Every structure is written in C-alpha cells, then in structure tokens.
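Here the structure comes first, spelled out in structure tokens, and everything after it is commentary.
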Amino acid sequence: ELNDLSASNKALDAVADVLLAEQQRTGKKLLWGTACLFSHARYCQGAATSPNAHVYAYAGAQVKKAMDVTHRLGGEGYTFWGGREGYATLWNTNQKREMDHLAAFLHMAVDYKKKIGFKGQFYIEPKPREPSTHQYDSDAAACLNFLRQYDLLEHFKLNLETNHATLAGHTMRHEMQVAIASNALGSVDANTGDTLIGWDTDQFPTNFYLTTEIMLEILKMGGFTTGGLNFDAKCRRESFEPVDLFHAHIGGMDAFARGLKIAAAIIEDGRLDGFIKQRYSTFDNGIGAKVEAGGVTFDDLEAHTLANGEPLIGSGRQEMLENLINEFI
C-alpha cells in the first residue's frame, strides 16, 4: 500500500499489467484473488466488522479494486479471508451489529460481482481465533450458519485450511465433511501447521495421512468443480535460503499427488466404503428407512422398541480400519 487509496490502486494496476503479460506468456491462470484487510493498522479492530464506518468504507473500496483486478486477470474465484473479523473483548463489542455489517458487506460484493460480470466463485476461509480472541468465521459450521442466516449461502463456498481446522479444535477431514454435506466445499489451502504451536504457521504439507484424507473427501464429492489446491504456505523460520522454497513446493505437491493415488486405491478397494455402508444398514429398511423418508413419530419409535426389545450393537472396528488404511499408506 502507498500513501492513499488512489496511489495504491495505480500501483496495483501496474502490477496487474505485469501479471497479465506473464499469464499470457506462460499460459498460467489465476486461481483466485483477495484483498489484504488485516495487516494495515486501520484494520486493527476489523474491516467489514470495524466499529468505525470510515474503516468499513475503506475496506469496501479495497475489495472493489481487488475484484476488478481479479476479474481483469481472469480469476477463477475470489476469497474473503476475515483475518481481523473478530473481537479481542466483548466489553467493547456489539456482536449482532458487527455481524449485520459483515453480511451487508458481502451482499454488496455479490451485487458488484453481478455489475462487473465476474463469473468466479466467492469463497470464505474459516479461521478460529488468531490474531483475535475470537473470529466470527471460526470454523466451517459457523461460516455455514452465518451464510444461511443472512441469505448468502447460494453465493459462497468455503476455502478450507488444515491449520485453521486444528486451531478450531477439529481435523481437516471434519471440516471438509461439514462443508461437503452442505455442498459448500469450494477450494483448499494446501498447507498445514504444527499442532504444538497455538497460531497459524502455514507450513507446507508432508503428511501422507493428511493428504490422503483430504483427497479422499475430494474424490468422494466428485472432484473440484471450483477452486483447487492453493499452496498458501511458508517455509519454517530456520529455512531461509531460496532453495528451501523449491524443496517445500515440490514436497507439498508430491505429498498431495501421493495422497490422491492412495485415496483412489482405497476407493477402488471398496472395503472402507463397504464397512461404513454395513454400519448404517439398519437405516436401509424397516424403521430406519422410514425415519430417513420422514413422517415417523415418537409414538412409532416407542412401538418399534416395545416390539423389538434391546438393540444389538455392532463394533465400530476403529482399530481394524486404521490397520486397513495403513495397508495403503
């Protein structure tokens, strides 16, 4: 950023000129664009959730310009990364008002998207707490609830990141299944973090179990229809030479490629899916099928239980399934 919005916009246009020329020269495409609404001091108390209307307006102006540039560069999408959209203390915060303001901001973005003819997908990236005490977009479920409450779900999908999932107390697979269940998984930040460190370290992925779980969920949902794997990652602090970036990118891409192959083999083998199908088989007929079809009452459930007595429970076989996955890893 430069001294004012006008100068910053001109500088961004100059950068975009170079990016466009390089895209045309190399054939590379832009996965998505975003605006930095968190690093400047004006956003220390939020951007679209700031208590200051002038800061809110500045944020809107930045997003407008970022959307223009993303559209110009043929971006496949646009991400809203709410890096400061949260609070440090509730003693000075009106949550309801801030959430209303954020929803209004996103509705403005939807309107502007239509105005300029941008066809890319909008994404929200869940983030739990750091750098604030609490972020409003704290995990996939919170984001989906917010989008439904403010009639925005049809316009947005989620861009998920492993480190954000673990900081929220979840696994990446959990977050993916929550998003997929609502047809709202749009893209993946292909990085991870150190579970022993309580903030977002954005490290390159090397764990085959992690990449297998991610690619398994992506394959089961039919693959990406929007977005992709964005390597929003950094080297560790002690890896400071340029060659470390090459090792990191190559290792991260290889880890996801290996995860994809392993996930495909697990699906082709069929034993995992077969076990899960059998585990829920009581919902395929009888009272279970009626529950899924709808219309069953508590009276029906009581009558069924009186007629059938104590249920027989099957083992979850967690250890067996973990061993099964180890065969492929």
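The values are calculated or read from the model by the stated rules, or taken from the named source; none is laboratory data. It should be emphasised that the depicted structure is a prediction, and the values quoted were computed from it without experimental measurement. Note: ideal-geometry Cβ built from the backbone for every residue, glycine included; neighbour counts use all protein chains shown. Each accessible area value is taken on the protein alone, full model and side chains, heavy atoms only, with ligands, DNA and RNA left out. Shrake-Rupley method; radii C 1.70, N 1.55, O 1.52, S 1.80 Å.
Report Rg(Cα)/(2.2 N^0.38 Å) for segment 33-177, keeping two decimals. All intermediate terms of the calculation are to be shown ahead of the outcome.
On the way: Rg = 14.5 Å, N = 145, 2.2 N^0.38 = 14.6 Å.
It is 1.00.
Taking all Cα pairs closer than 8 Å and separated by 6 or more residues, the relative contact order of the chain comes to 11 percent. Charge tally for Glu22 (other residues, Cβ to Cβ under 14 Å; Lys, Arg +1; Asp, Glu -1): +3. The label-point distance for Phe275 and Glu130, in a model that sets each label 7 Å from Cα toward Cβ, rounds to 3.4 nm. Computed from the Cβ-Cβ distance with R0 of 45 Å, the FRET efficiency linking Arg236 to Lys114 stands at 0.60.
Here, P(r) means the percent of Cα pairs in each 20 Å bin from 0 to the largest distance; for the chain it is 26, 53, 19, 2.
Annotation: amide H of Leu158 within the under-5 Å range of Ile124, Leu185, Gly186, Ser187, sequence separation 5 or more or interchain, hydrogens built in the peptide plane. Distance from the Cα centroid of segment 1-37 to that of segment 48-76 is 14 Å (rounded to whole angstrom). Roughly how many percent of the accessible protein surface of the chain is carbon and sulfur, given a 1.4 Å probe and a whole-percent answer? For the chain, the apolar C and S fraction of the accessible surface comes to 55 percent. Debye-formula intensities of segment 271-329, expressed as log10 I(q)/I(0) at q = 0.13, 0.21, 0.27 Å⁻¹, are -0.50, -0.87, -1.14 (one equal scatterer per alpha-carbon, no solvent). Taking the Cα centre of each part, how many Å lie between segment 141-181 and segment 84-112? Using only Cα atoms, the two centres lie 17 Å from each other.
Report the full-extension gain for the segment Ala21 to Asn94: residue separation times 0.36 nm, less the Cα-Cα distance, to one decimal in nm.
Working: separation 73, 0.36 × 73 = 26.28 nm, distance 4.59 nm.
Once the chain is fully extended between Ala21 and Asn94, it gains 21.7 nm.
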